[in-house]
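See structure below.
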Amino acid sequence: MTPIPQPRTRTHLPKRTVSIIGTGSYLPEKALTNAELEKMVETSDDWITSRTGIRERRIAAAGEFTSDLAANAAKSAIENAGISAAEIDLIIVASITPDMFMPSTACIVQTKIGAKRAVCFDISAACSGFLYAIEIAQQFITTQTFNTILVIGADKLSSIVDWKDRNTCVLFGDGAGAAILRHRAHGHGVIATRMGSNGELAELLHVPGGGCACPITPENVGQNLATIRMKGAETFKYAVNAMVDSARQVLDDAGLDPADLTCVIPHQANLRIINAVAERLELPLDRFMVNLNRFGNTSAAAVAIALDEANRTGRMKVGNYVLLVVFGGGLTWASSVIQW
């Protein structure tokens, strides 16, 4: 009997750790304040601030697209990491507002930053997208498929907001955050990750129109179906529970307690959600990186922007333990423990 040929494998290669070696972010110049929103819909600065903690959000210019936000954040991360675009093997863009359905926004970013040898693709996991992409990137690096990966969370949510709906238009903004991932000797980097989804509750937070299930037609174009729809109270309750459970699980996976954390970087959706998570984890709020008062909810970009700000302001030192925890439409959620 002829022996069956056996494929060559990489099992002989040592498993590598994965660290974030650089971060970057980009926010559009235009700041839309609560006072300006008062002139657009029936709302008030006090109503928005007391219920969300948001005071202003950034809005991209008419000719400024998700790929532009992403490319600017990427350039910032590349500089912070001290590498060149030519070293990037893979670009992953997490977004629910791609420039177009095809090609991927990652391919457009590749051209804009000059990363000519990079493989490119997008993922869609709403506000959880950046952490989903971090975990995907980790798998490629630990298996030695790629060495240097650029992960970007970017969204131009102003393009899918119904500016007549006061319950949602006050929440969202535009922006992008990025991270460079690579094996770093003598560093643990990403220690543990937990991800979850519940598609049965998709209608709590979704965009009903614009896809093949409900294309925009001359007959429905006036119904604003390609805009965000959210059931706020139900989403709030589920978000708190999912983020707390996910955080506890990933800390257990990492063999850590909440008190071991130097910094917690949560999804920037609502200050009441962050307060509730802090209370249940029995951590002081000053341990949390919060910038939603200035930028609002930027979906996949939110935790990435906050991570970059925490990095550049010295919130984390080498060896510190950091928790990132997010929640978004899908429903989706994720948490990661990283040693900086």
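The values are calculated or read from the model by the stated rules, or taken from the named source; none is laboratory data. Everything numeric in this text was worked out from a predicted model, so none of it was measured. Note that we place each Cβ from the backbone using ideal geometry, even for glycine, and neighbour counts take in every protein chain shown.
If you go through region 68-96 and pick out every residue that is free of Cβ contacts under 8 Å to residues at least 60 places away in the same chain and among the hydroxyl-bearing types (S, T, Y), you end up with 1. Residues in region 32-47 that are surrounded by 13 or more Cβ atoms within 10 Å (Cβ to Cβ) and within 13 Å of K164 (Cβ to Cβ): 4 in all.
Consider region 186-235 and keep the residues that are over 25 Å from S335 (Cα atoms) and among the β-branched types (V, I, T). The one that is modelled with the lowest pLDDT is V221. When you scan region 41-56, do you find a residue that is assigned by TED's automatic domain parsing to the domain that holds V170, more than 16 Å from the chain's Cα centre (by Cα) and closer than 20 Å to T111 by Cβ, even just one? There is no residue in region 41-56 that is assigned by TED's automatic domain parsing to the domain that holds V170, more than 16 Å from the chain's Cα centre (by Cα) and closer than 20 Å to T111 by Cβ. Identify all residues within region 317-328 that are modelled with pLDDT of 95 or more and either at positive phi or surrounded by fewer than 24 Cβ atoms within 10 Å (Cβ to Cβ) (or both); write none if there are none. Hits for region 317-328 are N320, Y321, V322.
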